Structures are given as structure tokens and as C-alpha cells.
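One structure is given below, encoded as C-alpha cells.
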Amino acid sequence: MKFEIKHRFNGSVLFSLETESLKICVQAAVKSNANLRDAELSGADLSGANLRDADLSGADLSGANLRDADLRDADL
């Protein structure tokens, strides 16, 4: 399945990937240093995700599950 991470204000695609889950897609985006500023991630299940060093400034994380996610040095 193709997952897309979109900009929360203009809907442009920030990152996309054929994978099994949005969490894997987000982790791949972080690993590749994709610009995820202002990403629409509301309600996403990111539990246990490696988001270390991610730039998620301005991202909509309302209702997202970040339990046990690695957020060290992440810009929120």
C-alpha cells in the first residue's frame, strides 16, 4: 500500500512510500532526512517509532499515539 505524508496546510506530498504502515513510512522519511515540517500526522499510530532527530516543527500530531516513540533531539 502507498502511504503519503502530506503538508497540513496545502496538502502537498512531503514524502511517500509503498510500505505496510504509516509508521514505517514516517520512520523512513525521518531516516532519509525528509522535510516533515507542518506534516499532517493527526491520529497516526507512531507508538514505538524511531523519530530521533526528526524535524516535526509545526506538524499536527493531535491524537497521535507517540507512546514509547524515540523523540530524542526531535524538533516538535
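The values are calculated or read from the model by the stated rules, or taken from the named source; none is laboratory data. Bear in mind that the values here come from a model prediction, so they are computed numbers and not experimental data. Cβ placement follows ideal geometry from the backbone for every residue including glycine, while neighbour counts extend to all protein chains displayed. The protein model used for the area step is the full one, side chains on, heavy atoms only, and it has no ligands, DNA or RNA in it. Shrake-Rupley method; radii C 1.70, N 1.55, O 1.52, S 1.80 Å.
Might you let me know whether segment 49-57 holds any residue that is buried (at least 16 other Cβ atoms within 10 Å of the Cβ) and either modelled with pLDDT under 95 or closer than 19 Å to PHE9 by Cα (or both)?
The answer is yes, given that some residue of segment 49-57 is buried (at least 16 other Cβ atoms within 10 Å of the Cβ) and either modelled with pLDDT under 95 or closer than 19 Å to PHE9 by Cα (or both).
Would you mind stating whether GLU20 is assigned to a strand (DSSP E or B), free of Cβ contacts under 8 Å to residues at least 24 places away in the same chain and open to solvent by 70 Å² or more (accessible area, probe 1.4 Å)?
When the stated conditions are applied, GLU20 does not pass them.
How about segment 23-48: which of its residues are in a helix (DSSP H, G or I) and open to solvent by 40 Å² or more (accessible area, probe 1.4 Å)?
Correct list: LYS23, ILE24, GLN27, LYS31.
Across segment 27-76, what is the number of residues that are more than 11 Å from the chain's Cα centre (by Cα) and either under 11 Å from ILE5 (Cβ atoms) or in contact (Cβ under 8 Å) with a residue 40 or more places away in the chain (or both)?
Counting residues in segment 27-76 that are more than 11 Å from the chain's Cα centre (by Cα) and either under 11 Å from ILE5 (Cβ atoms) or in contact (Cβ under 8 Å) with a residue 40 or more places away in the chain (or both) gives 1.
If I filter segment 60-71 for residues that are under 13 Å from ARG8 (Cα atoms) and either open to solvent by 50 Å² or more (accessible area, probe 1.4 Å) or of a type in the set (A, V, I, L, M) (or both), do I get at least one hit?
Within segment 60-71 (the criterion being under 13 Å from ARG8 (Cα atoms) and either open to solvent by 50 Å² or more (accessible area, probe 1.4 Å) or of a type in the set (A, V, I, L, M) (or both)), the answer is yes, since at least one residue qualifies.
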